[in-house]
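The values are calculated or read from the model by the stated rules, or taken from the named source; none is laboratory data. Since the model is a prediction, treat every value here as computed from it, not as a measurement. When we count neighbours, we look across all protein chains shown, and the Cβ atoms used for this are built from the backbone with ideal geometry, even at glycine.
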């Protein structure tokens, strides 16, 4: 049995760092794309009529309601059945970005709707066009007010990125699983994984709370 398992060593550092980098990469790209799409969807819902709002809301409800792990498996399997399998990174990024968009869309919709119409009317009365009022009034105020909520969604996405391992993406959790199989040291490895997520999440969470308190003053 001694030949089957080998303990952790410094030689595993590169493998672990690869998993960390892959986690940061797919999380960052998905948050960026999801945020941009969320701004567009949130604005569309805030400005559209009831019919369009209902249709967009229905799509977002589906994305938010179906567990992410099921979305990942279904999308990856569907692309394979269609004869166009995607690398795990691209498949995971697409699904995770749309999942992020579904939550970001609601966050930004609330932000845009929080800007009082009287402020827009005042801007228009000063000679601003519709688009200038959006650029200089609604967007800056609306986006600033939702930063804590945006940060909360972003932190959730970072942690949810671990689920992309189910389609073969070598992020931190998957590399950890392989190390556990080889070393039979699950406690040490999983504690290390937990510390990594804590180091990323806790400072950002505290910063979000600080911004939220400042905005409340």
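Within segment 181-191, how many residues are assigned to a helix (DSSP H, G or I) and in contact (Cβ under 8 Å) with a residue 60 or more places away in the chain? Qualifying residue count, segment 181-191: 4. The number of residues in segment 62-80 that are surrounded by fewer than 16 Cβ atoms within 10 Å (Cβ to Cβ) and under 12 Å from residue 100 (Cα atoms) comes to 1.
Please specify each residue of segment 1-23 satisfying the condition of being free of Cβ contacts under 8 Å to residues at least 40 places away in the same chain and either in contact with a helix residue (DSSP H, G or I) (Cβ under 7 Å, 6 or more places away or on another chain) or farther than 16 Å from residue 180 by Cα (or both). If the condition is that a residue be free of Cβ contacts under 8 Å to residues at least 40 places away in the same chain and either in contact with a helix residue (DSSP H, G or I) (Cβ under 7 Å, 6 or more places away or on another chain) or farther than 16 Å from residue 180 by Cα (or both), then 21 is the only one that fits. If you filter segment 161-196 down to residues that are surrounded by fewer than 18 Cβ atoms within 10 Å (Cβ to Cβ) and within 24 Å of residue 63 (Cβ to Cβ), you find that the one that is modelled with the lowest pLDDT is 168. Residue count for segment 7-31 under the criterion of being surrounded by fewer than 13 Cβ atoms within 10 Å (Cβ to Cβ) and in a loop (DSSP other than H, G, I, E, B): the result is 2. When 107, 211 are checked against the criterion of being touching a helix residue (DSSP H, G or I) at 6+ places or on another chain (Cβ under 7 Å), at pLDDT 85 or above and in a helix (DSSP H, G or I), a single residue qualifies: 107. Residues that are over 30 Å from residue 193 (Cα atoms) and either modelled with pLDDT under 90 or assigned to a helix (DSSP H, G or I) (or both): does segment 63-79 have at least one? Yes, that holds for at least one residue. Of the residues 57, 34, the single one that is without any contact (Cβ under 8 Å) to a residue 60 or more places away in the chain, surrounded by 13 or more Cβ atoms within 10 Å (Cβ to Cβ) and touching a helix residue (DSSP H, G or I) at 6+ places or on another chain (Cβ under 8 Å) is 57.
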